[in-house]
Amino acid sequence: MEIFTLTSAEWAALRLSLWISGWAVIGSLVPGVLLAALLARKQFPGKSLVDGVVHLPLVLPPVVTGYMLLLLMGRRGMVGGPLYELTGFSFAFNWKGAALASAIMAFPLLVRAVRLSIESVDQGLEQAARTLGANPADVFFTITLPLIFPGILTGIILAFARSLSEFGATITFVSNIPGETRTLPLALYTLTQVPDGEAGAMRLCIISVIVAFMALVTSEVLARRMERRMKG
Amino acid sequence: MLDICLKKKQGNFTVDTAFAVYGSGVTALFGHSGAGKTSVISMIAGLDRPDTGHITVNDHCVFDREKGIDIPPEKRRFAYVFQEGRLFPHLSVRSNLTYGMKRIHPRDRYIEFDQAVELLSIGHLLKRYPANLSGGEKQRVAIGRALLSSPVMLLMDEPLASLDTARKTEVLPFIARLSAEFAVPILYVSHAVDEILYLASTVILLSQGKSIAAGSVEEVLSQSDLRYTGFCTDTCSTRPYS
């Protein structure tokens, strides 16, 4: 079954994809939940602008997002330049940049899922907790957060799956460097550009489908289990 | 002593009420649906802010617009039993009961967990989740949860309204025992005369956001003008609980 054996380069692409997507989700989780809470509960000037900016990556061509990231966060970018000079940390042409690009592309999905679940929380429960002696932060951690946990989980898995499939912004921002930024979709694309890459491309294609499918099923199962627990 | 003066405009409806009653036992806030009872009680709880006025309970001021006092609900220690219970669905009955209790210094507690559980006969429910409770059980747990936070006053907003007659007769005696066994004053919102006759010693009559009478149950409910305002048409004919 030679055809089903992954080459070391293909393994590297798979591992890298999981690693980058993992960090993209970890990095965007806390800001995503806070922003979702802000959008769901607070009225403030410029709210629709914030909402628009968050959702922009969903409707922009990913290449545009990638190019803007390059201008902003590249080593000579408006933010990336000073950041590199001050801390020596850079997103340019490394896996961290790929994680950043994935995180930004997946951010709207995370925020949407969490926001919807916050909007569905009965605020009467939070009021009840206040009258029982819990201050607003206490209420958030003991009432709101546990109640929106299924929504957060859905958001995490959607964002993870979106990160895994990220292509345009990544290749534009951090290029296609083997072992550093060549994730599964980039490796697949590369294989389609070489004469005898069909078998490899097919293998990566199948893996992509399996991983994405597993993510969706896991999210569905976990969400159901949570729901059942909530309902007793 | 319950000394309350509230004014708040909500759209077309204005709550403009002032009353001072002796603050022990059960004080009923009585009026038609839409008379502003829930608005008044949620302002007392601190969930809603009056435009002007003051709220003083047993010489302890929790709100005074003039003096700039506005104590947040979690520091008022007025536990609130809501019409629909509002148990936390992700917590077991036991964790619901201890939610308020854990947030109060042991020194300030005047009721023990076992005591409340026994009083309300909910010992067999502790491991269950709110979704698996009947309406009457939910309200008993909600009352227990409020009581266990050792409140200085207990606010009850039509706690029996969502229950059928059989369930009402199940819960009502527990509320009566509360005020008898603990010195906690209860402000009880209702539009049901029979509940008030059974429980309350003092009544405040609310109509269109205004308190139009306050005094002992006999005094207020025997006023002939009540009949004209339609308070005693249907409800008085139903048999009081015994």
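The values are calculated or read from the model by the stated rules, or taken from the named source; none is laboratory data. All figures in this text were calculated on a predicted structure; none of them were measured in a lab. Using ideal geometry, Cβ is built from the backbone for each residue, glycine included, and neighbour counts are taken over all protein chains shown. Note: accessible area is taken over every heavy atom of the protein model, side chains too, but ligands, DNA and RNA are not part of it. Shrake-Rupley method; radii C 1.70, N 1.55, O 1.52, S 1.80 Å.
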Inset, instruction - Can you tell me which residue within region A:38-47, out of those that are part of a helix (DSSP H, G or I) and open to solvent by 70 Å² or more (accessible area, probe 1.4 Å), is farthest from residue A:170 (Cα to Cα)? - result: A:41
Inset, instruction - Please find, among A:142, A:181, A:172, A:154, the residue that is among the polar types (S, T, N, Q) and at the interface with chain B (Cβ under 10 Å from one of its Cβ atoms). - result: A:142
Legend entry - Selection count, region B:10-60, where residues are among the small types (Gly, Ala, Ser), modelled with pLDDT under 90 and part of a loop (DSSP other than H, G, I, E, B): 9
Legend entry - Sole residue being within 14 Å of chain B (Cβ to nearest Cβ) and without any contact (Cβ under 8 Å) to a residue 12 or more places away in the chain, chosen from A:46, A:88, A:52, A:124: A:124
Legend entry - Members of region A:212-230 found to be open to solvent by less than 30 Å² (accessible area, probe 1.4 Å) and touching a Ser or Thr at 6+ places or on another chain (Cβ under 9 Å), listed by number: A:219, A:223
Legend entry - Subset of region B:87-106 that is under 19 Å from residue B:153 (Cβ atoms) and open to solvent by 40 Å² or more (accessible area, probe 1.4 Å) - its residue that is nearest to the other protein chains (Cβ to nearest Cβ): B:103
Inset, instruction - Please work out if residue B:128 is assigned to a loop (DSSP other than H, G, I, E, B), within 14 Å of chain A (Cβ to nearest Cβ), open to solvent by 80 Å² or more (accessible area, probe 1.4 Å) and in contact with a Ser or Thr (Cβ under 9 Å, 6 or more places away or on another chain). - result: yes
Legend entry - Residue list for region B:143-173, filter: within 13 Å of another protein chain (Cβ to nearest Cβ) and of a type in the set (Gly, Ala, Ser): B:144, B:146, B:149, B:150
Inset, instruction - Considering only region B:174-191, state which residues are in contact (Cβ under 8 Å) with a residue 12 or more places away in the chain, surrounded by fewer than 18 Cβ atoms within 10 Å (Cβ to Cβ) and either under 20 Å from residue B:42 (Cβ atoms) or not acidic (Asp, Glu) (or both). - result: B:176, B:177, B:183
Inset, instruction - Name, by its number, the condition in (1) open to solvent by less than 10 Å² (accessible area, probe 1.4 Å); (2) touching a Ser or Thr at 6+ places or on another chain (Cβ under 6 Å); (3) under 20 Å from residue A:134 (Cβ atoms) that does not hold for residue B:17. - result: (3)
Inset, instruction - Take the residues in region A:106-139 that are open to solvent by 50 Å² or more (accessible area, probe 1.4 Å) and polar (S, T, N, Q), then tell me which one is nearest to the chain's Cα centre (by Cα). - result: A:120
Legend entry - Failed item, numbered, when residue B:171 is tested on (1) at pLDDT below 85; (2) open to solvent by 10 Å² or more (accessible area, probe 1.4 Å); (3) under 30 Å from residue B:108 (Cα atoms); (4) not in a loop (DSSP other than H, G, I, E, B): (2)
Legend entry - Of all residues making up region B:98-125, the number that are farther than 19 Å from residue B:152 by Cα and assigned to a loop (DSSP other than H, G, I, E, B): 3
Legend entry - Residue among A:147, A:132 that is within 10 Å of chain B (Cβ to nearest Cβ), within 30 Å of residue B:83 (Cα to Cα) and touching an Asp or Glu at 6+ places or on another chain (Cβ under 8 Å): A:132
Legend entry - Among the candidates B:7, B:75, B:67, residue that is among the charged types (D, E, K, R), assigned to a strand (DSSP E or B) and open to solvent by 30 Å² or more (accessible area, probe 1.4 Å): B:7
Legend entry - Of residues in region A:75-105 being more than 20 Å from the chain's Cα centre (by Cα) and of a type in the set (Gly, Ala, Ser), the one most open to solvent (accessible area, probe 1.4 Å): A:88
Inset, instruction - Would you mind stating whether residue A:160 is in contact (Cβ under 8 Å) with a residue 60 or more places away in the chain, closer than 15 Å to residue A:20 by Cα and open to solvent by 60 Å² or more (accessible area, probe 1.4 Å)? - result: no
Legend entry - Count of residues meeting criterion [open to solvent by 60 Å² or more (accessible area, probe 1.4 Å) and more than 29 Å from residue A:186 (Cα to Cα)] in region A:48-74: 2
Legend entry - Residues being closer than 25 Å to residue A:225 by Cβ, assigned to a helix (DSSP H, G or I) and in contact (Cβ under 8 Å) with a residue 40 or more places away in the chain - total across region B:78-97: 2
Inset, instruction - Give the residue that is nearest to the other protein chains (Cβ to nearest Cβ), with candidates limited to residues of region B:24-46 that are farther than 19 Å from residue B:179 by Cα and surrounded by fewer than 22 Cβ atoms within 10 Å (Cβ to Cβ). - result: B:42
Legend entry - Filtered residue count, region B:114-125, keeping only those that are more than 20 Å from the chain's Cα centre (by Cα), open to solvent by less than 20 Å² (accessible area, probe 1.4 Å) and either among the aromatic types (Phe, Trp, Tyr) or away from every other protein chain (no Cβ under 13 Å) (or both): 1
Inset, instruction - Return yes when residue B:111 is crowded, with 18+ Cβ neighbours inside 10 Å, closer than 21 Å to residue B:187 by Cβ and more than 10 Å from chain A (Cβ to nearest Cβ) and no when it is not. - result: yes
